Structures are given as structure tokens and as C-alpha cells.
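Below is one structure, written out as C-alpha cells; comments come after it.
Derivation of every value follows stated rules applied to the coordinates shown; laboratory data play no part. These numbers were taken from a predicted model, which means no experiment stands behind them. Note that each Cβ is placed from the backbone with ideal geometry, even for glycine, and that neighbours are counted across all protein chains shown.
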Amino acid sequence: MAELGRAALLVALGALAFSSLVGGFAAWSGRRRLVLAARNALVAAFGASLVASAVLVVALASRDFSFEYVAKTSSRDLPLLYAVSSFWGGQEGSLLLWLLLLTGFSTTAVALNRRLRIELLAWVVPVLATIALFFAALLVFLESPFQLQAAPADGAGLNPSLQNPYMLIHPVLLYLGFVGMSVPFAFAVAGLLARRTDEWWVVATRRWMLAAWLFLGVGQLLGARWAYLEIGWGGYYGWDPVENAALMPWLIATAYLHSIMVQEKKGMLRVWNVLLVILAFELSIFGTLLTRSGLIESVHAFAMSPIGAWFVAFLTLTTIASLALVFARLPILRTQTKLESPVSREATFLYNNLLLVAFCLTILWGVIYPLISEAVLGEPITVSQPYYNFFLRAFGLPLLLLMGIGPLIAWRRASLRSLGRTFIWPFGGALATGVILVAAGAGSSPAGLIAYTFSAFVMGAILLEFVRGTRARAALSGRSTAASLLSLISLNRRRYGGYVVHSAVVLLAVGVAGSSAYQTVREARLLPGDTLAAADYRLRFERLADRQAANHKRRRAILSVERQGQAAGTLEPGKNVYPVSERQPLFSTEVAVRTNWLRGEDLYVVADQINPDGSVDLTVYVKPLVNLIWIGGFVFILGSLIALWPDAREQRRLALRYGEAPVAITA
Amino acid sequence: MLAVFLLYTSIAGGTPQLRPSQLEGRTAEVTIVGKVLGPVSGDARRAGLRFRLQDVEGDAKSAIRVVYKGSVPDMFRAGRDISLKGRLQGAVFVGAPGTLVTKCPSKYSAKKS
């Protein structure tokens, strides 16, 4: 079995080396048959990666502990689903998942773009193959998941806090996002290599970037949800380097998805977009490095794991090579079109881009600051929540405002009079919201108040856009409002899908502001019969209860809850005890949450400690509006899907414009 | 310009990260990273959890005494690597509530030597 896995990895390595080297030579010399051979080798590498992955899945499912990797990441009593999910629970498996996804994506991209002009395809293949080659080499030479050992009686098992449904899917989504960034990068680099500097690569890979961005976004939200339910600190995002690892490429992808509209429409920002796609790719590699190597957290405690150094080398090389390529192509890449007015749609896109990139670089700076300060000052200095929260407000609030302004402003140049007319309703709505909120006492947090007011403005602007568009369409076609709205969205999927995503961001902003700026926290030690009050709620500790589950024991504190004097059911926070060893069992804190969907509010209770005398230490959070974050997640998916959905009209239009690449657009 | 701004913020807002053995004479707020040395005693919600912390790659000689009040992560136990923000007061490092962090659970695989 293990031999088959190792052999498959070797085949993948060989095929990718061929695809990279021979493919590069073929592209350079223009030999058509070699180009096709390199393409086929890339597809073969996908097949080999599939075989290697299948071997690992079988070993994990059958708990074959003669595989070091299986013994390290699973155990006999681990439910099957979690045992298989250990595929991406450890380093070697994660690298294999990268290879599998990348070769799979490459195969799909090549298949979807089979009518692409051969001189472009010729360069796309070796670029993708070179990235995949790096991962294949790591798997073959440094981090093989197919190392054998004398099988122990049982495996080490999966950390209890990772035995959670969210953790089955969260890492996969992040990897789909990280790896997805490679495809637009490869197309952009291929275009530069082939001296094609128009928008073909943007058009061919817009949906790839959108999908990668969607996966990364949803992956992060699921991670946040997991942290919220599993870590038990009442928060959902802690600015940990591992979390930032996914946020940074997502921010750059967000900037990119906006700025390519300027390129498509006005032919501007060509260099900028190439730089963004390079940055997004490098950050996705950096993100993988951060999550896998322990480069940052343990910077002075450990020697960097062996793959860390290779990742840094790969990052450095690809960055230098891509930037050198951009520099070499600058003369043909530069555009003559200039910004006509600082008050125009394209200008707001530019501001949005600058803010997003600045925010991303700020986070990057915070993440690598321990390394830099250690090199410069001789002592690692870490920055934490206050640093990030400061910049979240500094960059996030203007971004929120721009989200309202952008859609209402005309391309090229907007007159003040037309601006006044368009803005009057959203502006009035925002002002009214602000006044009502101050009257309601929301002024206790100025940042929260600004966020809410801006959110009202953005929502007003989005609604106005929908209303105006629907009216215009109804007047034109004479159909009903609902039919006009539907046809409006389906005829302009990118635009209205984008607005739906904007409203998701507003929900997110309102949820984050509400749950952080206006939350209530109470802590107490309770004996049975004691009560604790928090905001509108009163909790009474009834008793402790123990229950046996498949591979653990559940200790729960039974609490009866009242809201405004009315009985509101029971909550059962507690701990799961996993008896992995007699002396030192493993614990996982299980929070109890009572969600009021109507108010979007959570009553969130943690049993921090269950004491020998039968008392329990509780922390109770009342988090207003926190559920808007998760609802926003669904709206985000909906909007992204609208923008992603294939559009036959758009394809025909683009096919006319980029004559040789009609199928490319379905990518 | 941005870099200068960021540098300023980082210095103003950052905390030095030290090993227990580097702590001597430092009274400003720092983050220490080390390995928990048992026995762990006391009550995190009352007088405080008491334990010793040694350099991750050191021995008990490098250990300092620590007291910590606040929520304790599930993964916390003797032998585990943790980071904790706080201040040295006399011979005892007093942790700030809610800053005790154990190594991220996603990296449970054994360290390669």
C-alpha cells in the first residue's frame, strides 16, 4: 500500500518536472507537439496525485497504524469521518491536499481553456506545473505521508477540539481558496511571458479568482464559527497569525475583483492588477507556510521546521521572478489612459484598492513584526489585538463608506449636482439612523455608532440601486415588479451579485460592531441553587450531570434561563472528558448558546471550571446582533453565486472581443 | 510613510516576547513563551493558578514562578508550551487575565528533530 503511494508521488514528481522543464522549453521554442506533451504530463500528475490521495484515505479509514502519519493523527475510537479528515489534519497530508487540488485545478483550467491560443496555453502549463512541482518535491523528499513504522497498538488521536463538524470542512475550504489563487497567477504570468498584455487573462480567470475568494471567505467564516463555539472565549476572531494567513490573500483578492472592472472597462490599472494577482498568490503560499510551519508563533523557541526554509526559498524565488518579469514587460504593459476625475466610479475603485492593500500590508507587518524586530532589535516584539483593531477601524470604516458611494457614482466624471440628487436618500437614511441610535444610547461606542451609520448609508445606496434598476426595467418591458427585478439581476449578474455581497459585508460589520462594542460579560462561581444576572437574562445553576458518549464523557452544568422574568429553557455548558490516558485526560470546553434569531442576539455561557465541591465557574456573554455575522455568510454565498453564474450573453460578447478564447470565459 | 507609521505603532503597541530565562530585571509588560513545569496548583478563579515556566528548550534551572488568574485553555497542562502576557513582580511573573494561550491545536503533530 505505502509503496503504491510512494510510487504515485514519484510519478507525479516526474510528470511535473517534465511538464515544467520541457513545457517551458516548448513554449519558448514554439514546438506544438511538445506543448501538448507537457499538458498531458500535467494531467497525468493529477492522476498520480489522485492515486496517492486514495492510498492515504484508505490507510486512514482502515486505521493502518503502520503509516506513521495515520498513527500520529488518528486512533481506533475516532469516528470514521474524523479519521478520514485527518488527511488535512497534519503537515504531510495537507501538502498532499495542496498537490491534489492544484493538479486538479490545472487539469480543469486547461480543459476549460482548450481553445486557448497555443502560445498562451504553452506558458500556462509550465507555470502551473512548476508550482505543483514544488509541492511534489516536498512530499517526495521531506514530508512523505507514506513513511512506515512498526505499527503501535493505537494512534495518538485527533485533538478533541478539532472533533467538530466545522473542522471537517473549514481547512478544505481554505485550501481550495489558497490553491485557487494559483490559476489566475499562472494565466497572468503566462500572458506576460507570451507578451500578451491585454485583458484576456483577467477575463479567462475572473471566475477562478471569484471562486477562490468565495472559498476563502466561507472558510474563514466557518473557522470563526468554530472558534466561537469551540474555544469558549466568546470571540470569533483573534488576529492570530494563522487566521491572518487566510485574511490577507482574501483582502487582496477583494481589491483585485474590484480593480479588474476598471481594467475591463477603461483599460487602466494593468500593472496594478498584475501586481495584485502576484501578491494574492504569494500570500496564499505565505498563508500555507504560516499555518504549517510554525514560523511565527514559535519563532525563538524552535528551529524552523525543515519545510519552512523551503517555503521561504520558494516564496522569494517566485516573487523575484514574477516582479522581474513585470519589470521587463513594463514598456508594453503601461497604459496611456489616465484618471479623468477624482470623483468618479473608477476613482472610488482606486481608493477602495488602496485601503484594502494598505490594510493587508498592515496585517502582514503585524504578522512578521516579531521576526523583523528580532532581527533589528535583537528581541521579538509581538503586536496583538489593539494594533489590529485600530487599523480595522482606520481602514475598515472608510471602506464601508466607499461601498455606499461607489455604486452611486458615474464612470469617468460625476457632477456635483447629480451626486447631490443620488445621495440625498441614502444620506438622509443614514443621518436618521445615527440620530435614532444616539437617542437609544448607542453613543457609548463612537466606532460602533459610525459603523452603524455608514452601514445604513450603504444599505440605502444598495436599495436605491435595486429600486431604480427595477423601475427602469419595468417601464421598459411593462412587466411586473418581481419579474423586472429578476430580469434586472439576471441581466447584470456581476453588478447585482456584487451588491448582494456588499449587503453581506454590511451585515458582517453590524454584527461585529454589535457583538464587540455593545456586549455584556459577567463572571461568577455558582453553587447549585445560585443565580446570576446578565443584561435581560437570569441564570440559575440547577445541578451537575454526567453522560457517557462514544469516546468521551460529558460533564454538564444544567442552568435554567429566564429572560425578562419569562422562563426561557435550559442551557447546558460543560466539558467533555476524553480519557486518552488515566493520569491526564484531555478536556474540551463545550459552550452553550441560546440564540434569539429575531434580535440576532446570543446568550453565550461557558463553564470555565467545574470544581470538586460541585460549584461551577461561569462566564456569561450577552452578544447583541452577533448572528448577523453568520446570516451575512449565507448572503455572501448567495451574492457570490449570482456573480459567478455563467452568463451566455456575456460569453458571446467577450468571445467577439477576444476572438480566440470563447471557451475561456466559462473558466 | 506607511512604514514609518507602522513602525511607530508597532513599537508603541507591541510587547516584547521573551523566554523565562531572559526575564530577570525586566519589569515592563512582556509576553513570555515557555514550557509549563508541574505541579500546577491553585485556582484560576480565586487566588490564581500557580505553576512554573521554563524555557522551551531549557531545563528547570531556567524556570520562573508564575501566578495567573482568568480563563484557562483546555490544552493547558504540565509539559505544554504556552505564551502569557504579564509583568514580573518581585520573583513572581503575574499573568494578565485572558492572555494565557496554549500552542495552537492544529499543530498537534510531533516536532521533527
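Shielding of A:376-383 by partners, i.e. mean partner chain Cβ atoms within 10 Å per residue? Spell out each step's value before the answer.
Values: counts 1, 2, 0, 5, 7, 9, 11, 8.
For peptide A:376-383, the averaged partner shielding equals 5.
For the stretch A:520-623, with the dipole built from +1 on Lys and Arg beta-carbon atoms and -1 on Asp and Glu ones, taken about the Cα centre, which of A:L527, A:N596, A:Q548 lies farthest toward the positive end?
Farthest towards the positive pole: A:Q548.
Which shape class, rounded, prolate or oblate, goes with the stretch A:26-139 when its Cα gyration tensor gives a ≥ b ≥ c as root eigenvalues, a/c under 1.5 marks rounded, and past that a/b bigger than b/c marks prolate? List each step's numbers first, then the result.
Numbers: a/c = 3.59, a/b = 3.00, b/c = 1.20.
It comes out prolate by the Cα gyration axes.
Rounded to whole Å, give me the distance from the Cα center of the stretch A:375-410 to that of the stretch A:226-246.
Cα centroid to Cα centroid, the span is 18 Å.
Amide H neighbours of A:E143 under 5 Å, at least 5 residues apart or on other chains, H built in the peptide plane: list them.
Placed amide hydrogens put nothing under 5 Å from A:E143.
At a temperature of 20 °C and a viscosity of 1.002 mPa s, determine how fast the stretch A:575-617 diffuses translationally according to Stokes-Einstein, using the Kirkwood radius over alpha-carbon pairs as Rh; express D in µm²/s, rounded to the nearest whole number. Please list the in-between numbers first.
Values: Rh = 12.5 Å.
For these conditions, the coefficient is 171 µm²/s.
Based on alpha-carbon positions alone, could you give the equivalent ellipsoid semi-axes of the stretch A:179-300 from the gyration tensor, as √(5λ), descending, whole Å? Intermediate values should be presented prior to the final figure.
Values: eigenvalues 195, 49, 23 Å².
Calculated on Cα positions only, the semi-axes equal 31, 16, 11 Å.
Positive end of the dipole of the protein assembly as shown, charges at C-beta (+1 Lys, Arg; -1 Asp, Glu), about the Cα centre: which of A:V277, A:L97, B:S62 has its Cα farthest in that direction?
The listed residue farthest towards the positive side: A:V277.
Using a simple charge model, +1 on the beta-carbon of Lys and Arg, -1 on the beta-carbon of Asp and Glu, nothing else, what dipole does the stretch A:1-159 show about its Cα centre, in debye to the nearest 20?
Values: 11 positive and 8 negative charges, 189 e Å.
That gives the stretch A:1-159 a dipole magnitude of about 900 debye.
Among A:411-419, A:114-122, how do they line up from the highest to the lowest mean number of other beta-carbon atoms within 10 Å?
Details: A:411-419: 13.0, A:114-122: 18.4.
Ranking, from highest mean packing down: A:114-122, A:411-419.
With a sphere of radius 12 Å drawn around the Cβ of A:V326, what net charge do the other residues whose Cβ falls strictly inside it have (Lys, Arg +1; Asp, Glu -1)?
Values: positive: A:R270, A:R329, A:R334; negative: none.
The answer is +3.
When Rg is the radius of gyration of the Cα atoms in the stretch A:415-518 and Rh is its Kirkwood radius, what does Rg/Rh come to? Can you show the working numbers first?
Working: Rg = 16.2 Å, Rh = 15.2 Å.
Result for the stretch A:415-518 is an Rg/Rh of 1.07.
Take the cross-link list A:K72/B:K61; A:K265/A:K338; A:K575/B:K85; A:K553/B:K35; A:K72/B:K85 and give me the ones stretching past 22 Å between alpha-carbons.
Values: A:K72/B:K61 32 Å; A:K265/A:K338 13 Å; A:K575/B:K85 26 Å; A:K553/B:K35 28 Å; A:K72/B:K85 31 Å.
Violating the 22 Å limit, Cα to Cα: A:K72/B:K61; A:K575/B:K85; A:K553/B:K35; A:K72/B:K85.
Enter the mean number of other protein chain beta carbons within 10 Å of the beta carbon of each residue in A:385-395, as an integer. Before the final figure, lay out the partial values.
Details: counts 1, 4, 6, 1, 0, 2, 3, 0, 0, 2, 0.
Across the residues of A:385-395, the mean count of other-chain Cβ atoms within 10 Å is 2.
To the nearest 20 Debye, how big is the dipole of chain A about its Cα centre, given +1 on the beta carbon of each Lys and Arg and -1 on that of each Asp and Glu? Intermediate values should be presented prior to the final figure.
Working: 56 positive and 38 negative charges, 645 e Å.
Taking the Cα centre of chain A as origin, the dipole is about 3100 debye.
Please report A:H170, A:H552 as a ranked list, fewest other C-beta atoms within 10 angstrom at the top and most at the bottom. Don't skip to the end; give the middle numbers.
Values: A:H170 24, A:H552 21.
Fewest-to-most ranking of A:H170, A:H552: A:H552, A:H170.
Net charge within 14 Å of A:G404 by Cβ-Cβ distance, Lys/Arg positive one each and Asp/Glu negative one each, not counting A:G404 itself? Please list the in-between numbers first.
Working: positive: A:R345; negative: A:E465.
That works out to 0.
Could you give the size of the charge dipole of the stretch A:520-623 about its Cα centre, using +1 on the Cβ of each K and R and -1 on the Cβ of each D and E, expressed in debye and rounded to the nearest 20? If you can, show how the numbers build up before the last one.
Numbers: 16 positive and 14 negative charges, 39 e Å.
In debye, rounded to 20, the stretch A:520-623 gives about 180.
P(r) tail for the stretch B:14-103, what percent of Cα pairs lie past 16 Å? Intermediate results must be reported in sequence, preceding the final value.
Details: 1774 of 4005 pairs.
Counting every Cα pair in the stretch B:14-103, those more than 16 Å apart make up 44 percent.
Aspartates and glutamates near A:K266 by alpha-carbon distance under 12 Å, same-chain residues fewer than 8 away left out - which ones?
In chain and number order, the partners are A:D198, A:E199, A:E340, A:E346.
Percent of Cα-Cα pairs more than 37 Å apart in chain A, please. Intermediate results must be reported in sequence, preceding the final value.
Values: 98277 of 222111 pairs.
Summing the P(r) tail past 37 Å for chain A gives 44 percent.
When Lys and Arg each count +1 and Asp and Glu each count -1, what net charge do the other residues less than 13 Å away from A:D154, Cβ to Cβ, add up to?
Details: positive: A:R63, A:K72, A:R76; negative: A:D64, A:D77.
Overall, the nearby charge balance is +1.
Using the reciprocal of the averaged 1/r over all distinct C-alpha pairs, how large is the Kirkwood radius of the stretch A:520-623 in Å?
Numbers: mean 1/r = 0.0706 Å⁻¹.
14.2 Å is the Kirkwood radius here.
Largest first, please: the extent of the C-alpha atoms of the stretch A:1-57 along each principal axis, to the nearest Å.
Extents along the principal axes: 41, 13, 11 Å.
Which distance in Å, rounded to a whole number, links the C-alpha centroids of the stretch A:424-445 and the stretch A:152-208?
Value for the Cα centre distance between the two parts: 41 Å.
Rounded to whole Hz and in sequence order, give me ³J(HN,Hα) for the stretch B:75-87 from the Karplus expression 6.51 cos²θ - 1.76 cosθ + 1.60, θ = phi - 60°, writing x for Gly and Pro.
3J(HN,Hα) across the stretch B:75-87, in whole Hz: 7, 5, 5, 4, x, 8, 7, 9, 10, 8, 8, x, 9.
Order by neighbour count: A:V376, B:V72, fewest other Cβ atoms within 10 Å first, most last.
Fewest-to-most Cβ neighbours within 10 Å comes out as A:V376, B:V72.
What order, most packed first, do the peptides A:544-550, A:215-221 have when packing is the mean number of other Cβ atoms within 10 Å of each residue? Could the numbers behind the result be given before it?
On the way: A:544-550: 10.7, A:215-221: 23.6.
Result, highest mean Cβ count within 10 Å first: A:215-221, A:544-550.
Quick one: what are the phi-derived ³J(HN,Hα) couplings along the stretch A:595-610, Karplus 6.51/-1.76/1.60 with θ = phi - 60°, whole Hz, x for glycine and proline?
Rounded to whole hertz, the list is 9, 9, 5, 5, 8, x, 9, 10, 9, 10, 10, 10, 8, 5, 8, 10.
Evaluate peptide A:227-236: per residue, the Cβ atoms of other protein chains within 10 Å of its Cβ; return the mean as an integer. Intermediate values should be presented prior to the final figure.
Working: counts 0, 0, 0, 2, 4, 3, 3, 1, 0, 0.
Across A:227-236, the average partner-chain Cβ count within 10 Å equals 1.
Given the rule -39500 (n - 2.57) for each run of at least 4 DSSP H residues, summed and divided by the residues of chain A, what is its mean residue ellipticity at 222 nm, to the nearest 500 deg cm²/dmol? Provide the component values of the computation, followed by the final result.
On the way: 20 runs with 423 residues, N = 667.
Only helices count here, giving -22000 deg cm²/dmol.
Which residues' amide hydrogens lie under 5 Å from the amide hydrogen of B:E57, considering only partners 5 or more residues apart or on another chain, with H built in the peptide plane?
Distant-sequence amide H within range of B:E57: zero hits.
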